[in-house]
Structure formats: structure tokens, C-alpha cells
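Worksheet: one structure, shown below.
Read-outs throughout are calculated quantities, based only on the coordinates presented, and are distinct from any laboratory measurement. All values derive from a computational prediction rather than experimental measurement.
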């Protein structure tokens, strides 16, 4: 996992006025992208994962994991597979290539 502040990567719609955290994972066979989303949002908001609400209230976590597991099974995770949603006041974008972008509350007005 690599975490960085990435205000200039336009792949997920960020601009210099909208800072965000970027986490990159090499999805492995035992990885749960949904769990990694919770970790990324917790790190971005300065909270522990246990302090966050259920991600399942924002989206179907099994469907997210299944979609990205399909990318792993295909052998070449693809950045074209993208899921965006709001969770804990953050705008979250998850890509099939293992990138998770989190715009903290107040940073994304779209």
C-alpha cells in the first residue's frame, strides 16, 4: 500500500482546489477492496476504521469486492473499471487497478 496526497491526478476528477488522498493497492487473492476503502477513509479523516459507519450503507460491499475480484481473475486489473460513491462525507473513487482516491469532507463540492 502506498498513501500520498495527490491533488493533480485528474483520472478521478481532482483539481488543485480539491486535495485528496490516494492509496494504491496491488489487489491480491485474499484482499477485500471494501476493507481497503474503509482503511483509506479512516486514514484520510484521521479516524480509526471502527469509528466509521458501515460501508454497506453506502454501497453493496460484496458487489464491489466481486467486481474487483473479477479484474484480478482476468489477470490484468484495469483502471477503466471505476466505482465512485460517498462515504462518511468523503467522495471515494475505487479503480480496478488498485487505486483508491478519497476527497475529504468539504474538499469536494460536486
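Once the piece of chain linking residue 43 and residue 86 is laid out straight, how much longer is it, given 0.36 nm per residue of separation minus the C-alpha distance between them?
13.9 nm
Could you work out how much longer the chain between residue 60 and residue 31 gets when fully extended? Use 0.36 nm per residue separation minus the Cα distance between them, nm to one decimal.
Between residue 60 and residue 31, full extension yields an extra 8.8 nm.
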